[in-house]
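First the structure, then my questions, so here it is.
The values are calculated or read from the model by the stated rules, or taken from the named source; none is laboratory data. Treat the numbers as computed from the prediction; the structure is a model and nothing was measured. FYI the Cβ positions are ideal-geometry reconstructions off the backbone, even for glycines, and counts take in every protein chain you see. To get the accessible areas, we keep the full protein, side chains included, count just its heavy atoms, and leave off ligands, DNA and RNA. Shrake-Rupley method; radii C 1.70, N 1.55, O 1.52, S 1.80 Å.
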Amino acid sequence: MDLRERRSMNNRYKIEVTRKRIKNMYLRVKDTDGTLSVSAPYGMSDTEIRKFVESKSDWIEQTTQKMLIARQLKEQEPVLAPFMEREIRLELKRQLQRLIDKWEPVMGVKSAGFTIKKMKTRWGSCNVKSHHMNFNLLLAKVPPECAEYVVVHELTHLLEPSHNARFWSLMEYYLPGSKELRKQLAGFSAKDMI
Ligand SMILES: [Zn+2]
């Protein structure tokens, strides 16, 4: 493994370090999200921990592969690889931010950040008091115009909190054809997206 590979490995994995009263370092891969969990003695420097993790890179690759296969077999349905999910989340975050930056000045509203979540029944939500929004991770899989619909929908709630006639006419004003997009979006269910 050369230096460049080492660096990319550090960027690729999320590493959580827990210091304990132990003599040796221990490493495990969390099967929830692929995070590397390192238990290290007090006083162990970050450089030493990093070296330790790097020395285990082959084991990490093999273990995460095995974990993914085991999970796929168990669930009998395709799952998002944890690393893939992280990439998808990052890309969706950029996409949503671009849309928010585009629409806020047009609509004269200002949101207060957003969180991407796995949600079963909603594509998005907006807290009209805090102006914080939530978006469904599965928006990464719908056509971009449908994701745009959801962003405009949540921003419209900053102008009109409830789904009343004013709300829908504002939606239609900003996004002509929004009813069609809404129908299109309703055709996607979380089940199809996984
Ligand atoms: Zn709504």
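I'm trying to understand the selection: among the residues of the stretch 151-175, which are near the ligand (Cβ under 10 Å from one of its atoms) and among the small types (Gly, Ala, Ser)?
Ser162
Would you point out which residue out of Lys120, Lys93 is touching a residue at least 12 places away in the same chain (Cβ under 8 Å), under 27 Å from Lys14 (Cα atoms) and part of a helix (DSSP H, G or I)?
Exactly one residue qualifies, and that residue is Lys93.
Pull up the stretch 129-145, narrow it to residues that are at pLDDT below 95 and in a loop (DSSP other than H, G, I, E, B), then point me to the one that is nearest to the ligand (Cβ to nearest atom).
Val142
Looking for something of a type in the set (Gly, Ala, Ser) and either under 21 Å from Phe188 (Cβ atoms) or surrounded by 16 or more Cβ atoms within 10 Å (Cβ to Cβ) (or both) - is there at least one such residue anywhere in the stretch 74-87?
Here is the first cut: in the stretch 74-87, the residues of a type in the set (Gly, Ala, Ser) are 81.
Cutting the leftovers down to either under 21 Å from Phe188 (Cβ atoms) or surrounded by 16 or more Cβ atoms within 10 Å (Cβ to Cβ) (or both) gives us 81.
Yes: the stretch 74-87 contains one or more residues that are of a type in the set (Gly, Ala, Ser) and either under 21 Å from Phe188 (Cβ atoms) or surrounded by 16 or more Cβ atoms within 10 Å (Cβ to Cβ) (or both).
For residues in the stretch 148-194 being at pLDDT below 95 and open to solvent by less than 20 Å² (accessible area, probe 1.4 Å), which is farthest from the chain's Cα centre (by Cα)?
Once the filter is applied, the top-ranked residue is Ser178.
While we're here: Just to be sure before I move on: is Val106 within 12 Å of the ligand (Cβ to nearest atom) and β-branched (Val, Ile, Thr) in the structure I sent?
So Val106 fails the test.
Shifting gears a bit: Right, Ile88: closer than 30 Å to Ala70 by Cα and either within 15 Å of the ligand (Cβ to nearest atom) or assigned to a helix (DSSP H, G or I) (or both) or not?
Considered against the rule, which asks whether it is closer than 30 Å to Ala70 by Cα and either within 15 Å of the ligand (Cβ to nearest atom) or assigned to a helix (DSSP H, G or I) (or both), Ile88 comes out as yes.
Take the stretch 60-79 and flag every residue that is in a helix (DSSP H, G or I), at pLDDT below 75 and among the hydrophobic types (A, V, I, L, M, F, W, C).
Passing the criteria: Ile69, Ala70, Leu73.
Something else now. Take the conditions within 11 Å of the ligand (Cβ to nearest atom) and either out of contact with any strand residue (DSSP E or B) (no Cβ under 7 Å at 6 or more places or on another chain) or part of a helix (DSSP H, G or I) (or both) and apply them to Glu148. Does it pass?
The answer is no for Glu148.
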